[in-house]
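Q: Sharing a structure with you now.
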Amino acid sequence: MESLKKRVTEFSLEAHELYLNQSVPYLEESPDPLQFYRDWIGPNKPCIIRNALSHWPALSRWTPDYLREKVGSKVISVAVTPNGFADAVNGDRFVMPEERRMSFSSVLDILEGKQQGGGVFYVQKQCSNLLDELPELTDDLQPHVSWMSAALGKLPDAVNFWLGEARAVTSMHKDHYENLYCVVSGEKNFILLPPTDRPFIPYGTYQPAVYRQRDDGEFEVVDQTGSEKVPWIPLDPLDPDLDRYPEYRRARPLRCSVKAGEMLYLPSLWFHHVQQSHGCIAGKPGHLNAPHVQTLERPNAPHRAPEHTTRTHARAPERTTRTHARAPERTTRTHARAPERTTRTHARAPERTTRTHARAPEHHAYTR
Ligand SMILES: O=C(O)CCC(=O)C(=O)O
């Protein structure tokens, strides 16, 4: 066991030397699908793409006034917490947000400080909420990014809309999607760790619970009795407790900031911790910031069975490494690539589906 542990550690360190970058590189324009597959998806490396959203009307249109007029009366799901930590370890619990249904206008009022919410509100539903709850906004953007769909040979499984304030934090987790984070306004700050750093990242298993706001405005934590324990990462990468988790010293986190008009390609199974800025829509000093549209592309590889379903959504399996490539059946490759892949020469022609929008069913979309 000890020698296996040693080998895995060496392997993780070698991965950094052999193929991982020390920062997240930028591409200055939308890539060619095949090239993108070869350089980024195949090797499982993140990058930020600039100038790929410039034609999205959302970049200039999505002001609070516009959003109020267009979708203000729509009722959407919002995650509400006392402290901004939705889906995070709190003591010996894994605590999920209260999911509240409210009108889009009310959310804007709270985020702009016009109305008191008594908590932190984050539109962060992961079940293709852009297409399901806010289809009126899809004219303002491309619900799928054509070169990514071509590279993966499929349309996105889910297209999510996120809107939140600076206090909202997404704790460290991974998911099994190929993610494109398209920031429309404000800025998102990511801490990223490659799957190969898994030996250095602590996991625990926690009793699932949810926040519930009482009538007096205080929040209580209510256990989800009868639910399985949830494996989750207790470590805060912003302030890692190295006495408790000394192995984390060996991890090599990458930090990046994704600004309005930029897109982060976050490969599947990369660990990520996310925060957002107070960059306001239309320069307002309030808290409206960083709405982003996230397209989730599910790998072509055989899907892993979800492991936990404490919310209504399954979580990503607690895999430590990937075992297969998304586009299978390749034979050779010339450049460094992520471990555990089958080898291959290049991305192949996408196998287009005829669906208009493949999207994640309710039960697998939330993959922490
Ligand atoms: O934007 C965020 O706060 C987090 C998004 C995320 O981590 C995810 O969708 O997996």
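Q: Dipole of the range 1-144 (Lys/Arg Cβ +1, Asp/Glu Cβ -1, origin at the Cα centre): which of 48, 36, 67 lies farthest to the positive side?
A: The listed residue farthest towards the positive side: 67.
Q: Just going by the charge dipole of the range 2-297, with Lys and Arg at +1 and Asp and Glu at -1 on Cβ, which of 115, 201, 82 is farthest out on the positive end?
A: In the range 2-297, that residue is 201.
Q: Separate question: At what distance in nm do the modelled label points of residue 16 and residue 247 sit from each other, each positioned 7 Å from its Cα along Cα→Cβ?
A: 1.5
Q: Right, here's the next one. If packing is taken as the mean number of other Cβ atoms within 10 Å per residue, what is the order of 139-146, 177-184, 240-247, 257-264, highest first?
A: 177-184, 257-264, 139-146, 240-247
Q: A follow-up question, please. Please report the spacing between the Cα centers of the range 51-79 and the range 94-170 in Å, no decimals.
A: Cα centroid to Cα centroid, the span is 10 Å.
Q: Tell me, what is the FRET efficiency for residue 7 and residue 238 to the nearest 0.05, using R0 = 45 angstrom and their Cβ-Cβ distance as r?
A: 0.90
Q: Further question: At 7 Å along Cα-to-Cβ for each site, give me the label-to-label distance between residue 203 and residue 51 in nm.
A: 4.2
Q: Near residue 259, which lysines are there with a Cα under 22 Å away, not counting those fewer than 8 places off in the same chain?
A: 45, 125, 174, 188, 284
Q: Could you work out the relative contact order of the range 2-297? I mean the mean sequence separation of Cα pairs under 8 Å and 6+ apart, divided by the number of residues, in percent.
A: After rounding, I find 27 percent.
We did not get these values from a lab; they are worked out from the coordinates using the rules stated. The shown structure was predicted, so the numbers you read here are calculated from the model rather than taken from an experiment. Reconstructed Cβ throughout: ideal geometry from the backbone, glycine too, with neighbour counts over all protein chains shown.
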